[in-house]
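A quick write-up on the structure given underneath.
The values are calculated or read from the model by the stated rules, or taken from the named source; none is laboratory data. Computed from a predicted model, the values in this text were never measured in an experiment. Cβ sites come from the backbone with ideal geometry, for glycine too, and all protein chains shown count toward neighbours. Quick note on the areas: whole protein, heavy atoms, side chains included, nothing else; ligands and nucleic acids left out. Shrake-Rupley method; radii C 1.70, N 1.55, O 1.52, S 1.80 Å.
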Amino acid sequence: MNAPHTHLPRHLLTLQDLERGTLDALLVRAQAFAEGHYDRRSLDGIAVCTLFFEPSTRTRMSFTLAAQRLGADVINFDASTSSTRKGETALDTLKNLEAMGVRGFVVRHHEDGAVAALAQHVEDGTVLVNAGDGRSAHPTQGLLDMLTLRQAKGADFSKLKVLMVGDVKHSRVARSDLQALRTLGTGDIRVCGPASLLPDDGTLQGCNVSHDLDAALEGVDAVMMLRLQRERMEEGLIASLDDYHRDFGLTSTRLKRAASDAAVMHPGPINRGVEITDEVADGPQSLILRQVSNGVAVRMAVLEALLRG
Ligand code: CP
């Protein structure tokens, strides 16, 4: 099976400028991988490094599996046990790994724009994937969320009503999801959260914004819950976790306002009992673990497109 022509840029830093055809092609390719159609020698002889300066479970492990399934040599860089602790910069770290022959870097960093900045300094033939930078972008999470929606609701997003709930302000997942939902022509994009956690920087352009979760849930086909990004949050943005749960937590009673087959999604890690109850997170409408499975397939599609393109 040959990789589709996807017109991907050299590095995957954001979903902002990706054309509809490119997004669709990546999702179709990822679906094939999800169904087990892949060649274990696709990335034979290519070295890939997960270069994470922030913690991760899902993204890092799924990129590792994705690269291994395509036959790459995979190394994992852990900032907490590396020479970062002695003051080595991210760029020096990357250049040293590049000197060892690494061609693919999957990079997570706490600073907005850090991955794009690193991409300015790499050799021809080296590619970077943004695995999350600050609040800015998490493009492969956006793609895996779109694949999950596509599997559940079909490829025509124009009929879909999708609600995003919570801390959009600090969320790179939200930004990438909203970009992808717009590119795929989603009919009704709703966003709900406390005013203190909704950005006023243009991120919500074209969205129906509300602070009333019960009203926002009416008839939606999918609910995308967001994690409260407490590590990026200044004090006082929410009164308390209990208050947040009362006003913006997804409970099984609330979920009844959505379409009866509404999909429930969350990028993880979940703050159980805050954004979402156990009953909903583990319930029949939850696609949360499907999102995780799809992460491997999407990341295979991205690595293949960038490293074999
Ligand atoms: N969704 C997500 O990015 O999870 P991790 O932080 O565990 O990678």
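Which of the GluC sites (Glu not before Pro) found in the stretch 98-135 are in a DSSP loop and have at most 14 neighbouring Cβ atoms, other than their own, within 10 Å?
Working: sites: Glu98, Glu111, Glu123; in loops: Glu111, Glu123.
Here the sparse-neighbourhood loop sites are Glu111, Glu123.
Over all projection directions, the Cα-based convex hull of the stretch 141-291 averages an area of 7.8 nm². So for the chain: antiparallel DSSP bridges make up what percent, rounded to the nearest 5? Among the beta bridges of the chain, antiparallel pairing accounts for roughly 5 percent.
Helix 58-69 against the longest principal axis of the chain: what's the angle in degrees, Cα atoms only, rounded to the nearest 10? For helix 58-69, the angle is close to 40 degrees. Taking Cα atoms only, the orientation of helix 288-308 departs from the longest principal axis of the chain by about 30 degrees. Rg over Rh for the stretch 34-172 works out to 1.01, both radii taken from alpha-carbon positions and Rh defined as the Kirkwood radius.
Ligands, DNA and RNA are left out, and with a 1.4 angstrom probe the accessible area of the stretch 1-74 is 50 Å² per residue.
Across the alpha-carbon atoms of the stretch 147-236, the computed radius of gyration and Dmax are 12.8, 41 angstrom. Coupling constants for the stretch 100-113 follow from the phi torsions by the Karplus curve (6.51 cos²θ - 1.76 cosθ + 1.60, θ = phi - 60°), and in residue order they are 7, x, 5, 10, x, 10, 9, 10, 10, 8, 6, 8, 4, x Hz; glycine and proline get x.
Suppose every Lys and Arg Cβ carries +1 and every Asp and Glu Cβ carries -1, with no other charges. What dipole size does the chain come out with about its Cα centre, to the nearest 20 debye?
Numbers: 34 positive and 40 negative charges, 133 e Å.
Once rounded to the nearest 20, the dipole reads 640 debye.
Between 0 and 90 degrees, rounded to the nearest ten: what's the tilt of helix 20-34 against the longest Cα principal axis of the chain? Computed tilt is about 80 degrees.
Here Lys161 is the anchor, and the lysines within straight C-alpha reach of less than 18 Å, apart from those fewer than 8 places off in the same chain, are Lys153, Lys256.
Projection of the Cα convex hull of the stretch 1-95, averaged over all directions and equal to a quarter of that hull's surface, yields 7.4 nm². Residue by residue, the stretch 190-200 carries 3J(HN,Hα) couplings of 10, 10, 9, x, x, 3, 5, 10, 10, x, 10 Hz when phi is fed to the Karplus relation 6.51 cos²θ - 1.76 cosθ + 1.60 (θ = phi - 60°); x denotes Gly or Pro. Computed over the Cα atoms of the stretch 246-308, the ratio of the radius of gyration to the Kirkwood radius (Rg/Rh) comes to 1.13. In the stretch 1-135, the DSSP beta bridges split such that about 0 percent are antiparallel, to the nearest 5. Taking one equal scatterer on every alpha-carbon of the chain, how large is log10 of I(q)/I(0) by Debye at q = 0.12 1/Å? After summing over all Cα pairs, the log10 values are -0.77.
Over what distance in Å are the Cα centres of the stretch 258-307 and the stretch 136-150 separated? Distance between centres, Cα-based: 10 Å. Looking at the stretch 12-89, the trypsin sites (Lys or Arg not before Pro) that sit in a DSSP loop and have at most 16 other Cβ atoms within 10 Å of their own Cβ are Arg40, Arg41. Accessible surface of the stretch 61-168, 1.4 Å probe: 48 percent of it comes from carbon and sulfur atoms.
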